[in-house]
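Novice: Okay, here's the structure, questions in a sec.
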Amino acid sequence: MREKHKPSKKGTGMKQAQAKHKLCRRLGYCIWNMAKCPSVKRPYPAGQQGKNGKKKKLSTYGEMLQEKQKIKAHYALTERQLRNIFLAAKRIEGRTDETLMRRIELRLQSAVYHGGFAPTIFAAKQLVVHRHVKVDGKIVDRASYLLKPGQVVTIDAEKSPAIAEAARNVNSTVPAYFESNKEQLKLTIAREPMIEEIPVQVEALRVVEYYAR
């Protein structure tokens with residue numbers, strides 16, 4: 001009986017990377033700040049003749065859909081997760097687009113990523129679900145955990161010194177609403193972020209319009 005060929009982890013990883021790069025090309029920029037992403041050199045969709053080539057004009061629905069895709073990709077959210085965040089934001093007084101972005105940015109995996117302790121949003125999620133992250137001294141393994149101003153996020157250095165060292169070596173610019181201490185692997189939520197401070201190229205109002213249809 002012939003043994004079934006199993007795809008190698010390396011091959012699977014390459015396919016996943018190619019899929020991510022393809023999405024970045026379609027959206028026009030590298031969503032995950034990968035230095036080797038093709039969209040860094042070619043920030044335009046595949047098939048378009050150079051950056052000055054004729055762009056396909058999107059319909060209003062197409063624009064809303066594209067912004068939704070951007071936010072889902074940047075934060076590694078499922079459709080169900082993003083819709084639920086929108087519904088929660090809609091119930092809160094104030095601008096829904098601002099509330100939506102705050103709630104997404106203050107998810108634990110988002111804070112670990114933008115707080116400078118993980119090179120990608122995917123790595124941030126792995127740190128959380130594998131119980132390397134504490135909130136106010138207690139392990140929290142839910143990537144969706146919603147943080148509040150004043151709370152302190154730490155990486156458990158005792159559990160894995162190697163992971164702790166990798167977290168210290170992540171090179172990124174931390175937004176002003178987070179206070180990051182790399183040596184102590186500590187991140188304090190200083191305040192709620194303003195929408196214009198959040199380091200994501202997305203028109204959140206378009207996302208709200210998409211779900212409000």
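The values are calculated or read from the model by the stated rules, or taken from the named source; none is laboratory data. Just so you know, these numbers come straight off a predicted model, no measurement behind them. All Cβ positions, glycine included, derive from the backbone under ideal geometry; neighbour counts span all protein chains shown.
Novice: Restricting to the range 190-200, name every residue that is out of contact with any helix residue (DSSP H, G or I) (no Cβ under 7 Å at 6 or more places or on another chain) and either crowded, with 18+ Cβ neighbours inside 10 Å or not charged (D, E, K, R) (or both).
Specialist: So the first thing to find is which residues in the range 190-200 are out of contact with any helix residue (DSSP H, G or I) (no Cβ under 7 Å at 6 or more places or on another chain), and the list is 190-191, 194, 196-197.
Once the filter is applied, which keeps residues that are out of contact with any helix residue (DSSP H, G or I) (no Cβ under 7 Å at 6 or more places or on another chain) and either crowded, with 18+ Cβ neighbours inside 10 Å or not charged (D, E, K, R) (or both), the range 190-200 yields Ala190, Met194.
This table checks each residue for (1) touching a strand residue (DSSP E or B) at 6+ places or on another chain (Cβ under 8 Å); (2) of a type in the set (Ser, Thr, Tyr); (3) buried (at least 16 other Cβ atoms within 10 Å of the Cβ); (4) over 29 Å from Lys186 (Cβ atoms).
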| site | (1), (2), (3), (4) |
| --- | --- |
| Thr60 | no, yes, no, yes |
| Gln66 | no, no, yes, yes |
| Ile71 | no, no, yes, no |
| Leu77 | no, no, yes, no |
| Gly94 | no, no, no, yes |
| Ile104 | no, no, yes, no |
| Tyr113 | no, yes, yes, no |
| Gly116 | yes, no, yes, no |
| Lys134 | yes, no, yes, no |
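Novice: A further question on this structure: Only one residue in Ala176, Ala118, Ala162 is in a helix (DSSP H, G or I) and at pLDDT 95 or above, so which one is that?
Specialist: Working: Ala176 fails: in a helix (DSSP H, G or I); Ala118 fails: in a helix (DSSP H, G or I).
So the residue among Ala176, Ala118, Ala162 that is in a helix (DSSP H, G or I) and at pLDDT 95 or above is Ala162.
Novice: Between residues in the range 76-91 that are of a type in the set (Ser, Thr, Tyr) and residues that are modelled with pLDDT of 95 or more, which pairs lie under 8 Å by C-beta distance while being six or more apart or on different chains?
Specialist: Sorted first by the residue in the range 76-91, then by its partner, the pairs are Thr78/Lys72.
Novice: If you don't mind, there's one more thing I want to ask. Mind checking whether some residue in the range 162-174 is hydrophobic (A, V, I, L, M, F, W, C), within 27 Å of Ala89 (Cα to Cα), touching a His at 6+ places or on another chain (Cβ under 9 Å) and surrounded by 17 or more Cβ atoms within 10 Å (Cβ to Cβ)?
Specialist: Step one: list which residues in the range 162-174 are hydrophobic (A, V, I, L, M, F, W, C), which gives 162-164, 166-167, 170, 174.
Cutting the leftovers down to within 27 Å of Ala89 (Cα to Cα) gives us 174.
Next cut, touching a His at 6+ places or on another chain (Cβ under 9 Å) only: 174.
From the residues that got through so far, the ones that are surrounded by 17 or more Cβ atoms within 10 Å (Cβ to Cβ) too are none.
Taking every residue of the range 162-174 in turn, none turns out to be hydrophobic (A, V, I, L, M, F, W, C), within 27 Å of Ala89 (Cα to Cα), touching a His at 6+ places or on another chain (Cβ under 9 Å) and surrounded by 17 or more Cβ atoms within 10 Å (Cβ to Cβ).
Novice: To continue, here is another question. Could you please find all residues in the range 179-196 being part of a strand (DSSP E or B) and within 28 Å of Thr99 (Cβ to Cβ)? Give the derivation first.
Specialist: Our first condition is that a residue be part of a strand (DSSP E or B); within the range 179-196, this holds for 179-181, 186-189.
Hits for the range 179-196 are Glu179, Ser180, Lys186, Leu187, Thr188, Ile189.
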